[in-house]
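Remarks on the structure that follows.
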Amino acid sequence: MTTHLDDHRPSTASAGGGDDVVVVGAGLAGLSVAWELARRGARVRILDRDAPGRATSRVAAGMLAPITEAEADDPEQLRLGLAALERWPAYAAALEAASGIPLPVLRQPTLVVARDRDEAEALRRFADVRERLGLPVERLLPSDARTREPGLAPTLRGALSIADEQAVDPRVVVRALAAAAVQAGVRMATGPGSAVEALRHEDGRVTGVRTADGLELPAGAVVLAAGAWSAAIDGIPDGARLPLRPVKGQLLVLRDPSGPGLVGRVLRFGGGYLVPRDDGRYVLGATTEERGFDLATTAWAVHDLLRDGAELVPGILELELLETLVGLRPTTPDGHAAIGPAAELDGLWWATGHYRNGVLLASLTGALLADGLTGAAADPDLSALADPRRFATVADAPGTEEADA
């Protein structure tokens, strides 16, 4: 049985020496959890070995895309994603108000396009499935798609328009979350000495964490939100450990010195995407690689991304190559996020496993965790979809490396 925050506040908290909750990881997941808990009156500390959002969060493209991302045979992922998308307008407004940082949201419909006959057939099946589910899908002729986006190649073979999806810049979201969290009273410590090396627990109950600089920090609860490295922290009992693996993604950031205008909406194609920013930058991605914790940029990835992107939008070859980025998507065996209490260890909570949907689910992650930790009324269906205890029968996680939190 999982107890709630009020049941086990650390005895030192009243003297200023402990925290209600320690959040491990200052990416989108950890920051959203810390901010939401602090808004509800919890005493929260967030720890990370690097500056906020410097790992996978800064690499994300920022698509709020549950309709195009969800697999056709995965209605649970779709339900969770649609719930998160529905929350995003209010979430963005609250975050802007709390941080004072404008949060531009791209609200143009997504275009899903086909470059050849095989992709056109896959696009038709994609549309059939979404229409059976009652989701908004508009079938377009290639000429209609090029009218909406003149930068598209004339060889386009088909297109769909998805009206309800959006996009944000995750780097701006991270800055806003960090500012809002600090404003709400979250104590934040970053840098190598603040890396969490071990989880502390006694008699089946979390007692705190130990950092790289040797500090023993007591806490009533610990939330592991360090992305793909979350399960690699020492001291997690085998029965409580989450089966988590990294899935590598490489992407490129391109820039038009003359400003925005090459494309005005998110373009999706054959496993890739092109996402415009409002300042003339474009995010082109992304590879999907089972390479462990490898963070190397490879020439073949740069080549393939540019080749595939130029088949869709030839003008990208005229842009400046601003950044090459590599991220590790935290991935569970079923591909769904793990947001909630751990099995077998009271006071340990997970907020990871978001795979390709970390930005989308940011609007939901903090609320689900805070509802569980504070005992507030929560949506039982959504909580069940993300419950980490569904992996309770899985033994040890696959090979892990040192935690990057």
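The values are calculated or read from the model by the stated rules, or taken from the named source; none is laboratory data. No experiment lies behind these values; they were computed from the predicted model shown. Note: ideal-geometry Cβ built from the backbone for every residue, glycine included; neighbour counts use all protein chains shown.
A compact table of results
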{"read-out": "Residue check for VAL173: among the aliphatic types (A, V, I, L, M) and in contact with a Gly (Cβ under 8 Å, 6 or more places away or on another chain)", "value": "yes"}
{"read-out": "Test: residue in segment 290-302 that is touching a helix residue (DSSP H, G or I) at 6+ places or on another chain (Cβ under 9 Å), part of a loop (DSSP other than H, G, I, E, B), at pLDDT 95 or above and not acidic (Asp, Glu)", "value": "yes"}
{"read-out": "Meets criteria (among the hydrophobic types (A, V, I, L, M, F, W, C), surrounded by 14 or more Cβ atoms within 10 Å (Cβ to Cβ) and either touching a Pro at 6+ places or on another chain (Cβ under 8 Å) or not assigned by TED's automatic domain parsing to the domain that holds HIS354 (or both)) for ALA299", "value": "no"}
{"read-out": "Strands (runs of 3 or more DSSP E) within segment 19-120 that include 1 or more residues of a type in the set (Ser, Thr, Tyr) and under 30 Å from PRO314 (Cβ atoms)", "value": "110-114"}
{"read-out": "Condition check for ASP6: modelled with pLDDT under 95, among the acidic types (Asp, Glu), over 10 Å from VAL186 (Cα atoms) and in contact with a strand residue (DSSP E or B) (Cβ under 9 Å, 6 or more places away or on another chain)", "value": "yes"}
{"read-out": "Selected residue [among the aliphatic types (A, V, I, L, M), touching a residue at least 60 places away in the same chain (Cβ under 8 Å), out of contact with any Leu (no Cβ under 7 Å at 6 or more places or on another chain) and in the same structural domain as SER383 (by TED's automatic domain parsing)] from LEU345, LEU262", "value": "LEU345"}
{"read-out": "The listed residue being more than 19 Å from ALA26 (Cα to Cα) and either part of a helix (DSSP H, G or I) or of a type outside the set (A, V, I, L, M) (or both), out of GLY366, GLY372, GLY340", "value": "GLY372"}
{"read-out": "Qualifying residue in segment 33-50 (condition: under 12 Å from the mean Cα position of the chain (by Cα) and in the same structural domain as ALA228 (by TED's automatic domain parsing))", "value": "no"}
{"read-out": "Qualifying residue in segment 79-92 (condition: over 19 Å from TRP35 (Cβ atoms), among the basic types (Lys, Arg), assigned by TED's automatic domain parsing to the domain that holds VAL263 and modelled with pLDDT under 95)", "value": "no"}
{"read-out": "Segment 150-177: number of residues that are assigned to a loop (DSSP other than H, G, I, E, B) and farther than 21 Å from ARG117 by Cβ", "value": "6"}
{"read-out": "When residues of segment 88-140 are limited to those that are within 20 Å of GLY158 (Cβ to Cβ) and of a type in the set (Lys, Arg), the one farthest from the chain's Cα centre (by Cα)", "value": "ARG117"}
{"read-out": "Residue ID - surrounded by the most Cβ atoms within 10 Å (Cβ to Cβ), chosen from residues in segment 238-279 that are β-branched (Val, Ile, Thr) and assigned to a strand (DSSP E or B)", "value": "VAL275"}
{"read-out": "Of the criteria (1) within 21 Å of the chain's Cα centre (by Cα); (2) under 21 Å from GLU69 (Cβ atoms), which one ALA301 fails", "value": "(1)"}
{"read-out": "Residues satisfying the stated conditions in segment 207-216, i.e. in contact with a Lys or Arg (Cβ under 7 Å, 6 or more places away or on another chain) and surrounded by 14 or more Cβ atoms within 10 Å (Cβ to Cβ)", "value": "THR207, GLY208, VAL209, ARG210"}
{"read-out": "Matching entry among LEU284, LEU319, LEU306 (being surrounded by 15 or more Cβ atoms within 10 Å (Cβ to Cβ) and either in the same structural domain as ARG356 (by TED's automatic domain parsing) or within 22 Å of the chain's Cα centre (by Cα) (or both))", "value": "LEU284"}
{"read-out": "Residue within segment 98-111 that is within 29 Å of LYS248 (Cβ to Cβ) and of a type in the set (Gly, Ala, Ser) present", "value": "no"}
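Every residue, every condition in (1) in contact with an Asp or Glu (Cβ under 9 Å, 6 or more places away or on another chain); (2) on the phi < 0 side of the Ramachandran plot, yes or no:
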| position | (1), (2) |
| --- | --- |
| LEU215 | no, yes |
| LEU242 | no, yes |
| SER258 | no, yes |
| GLY261 | no, no |
| LEU267 | yes, yes |
| GLY272 | yes, yes |
| THR288 | no, yes |
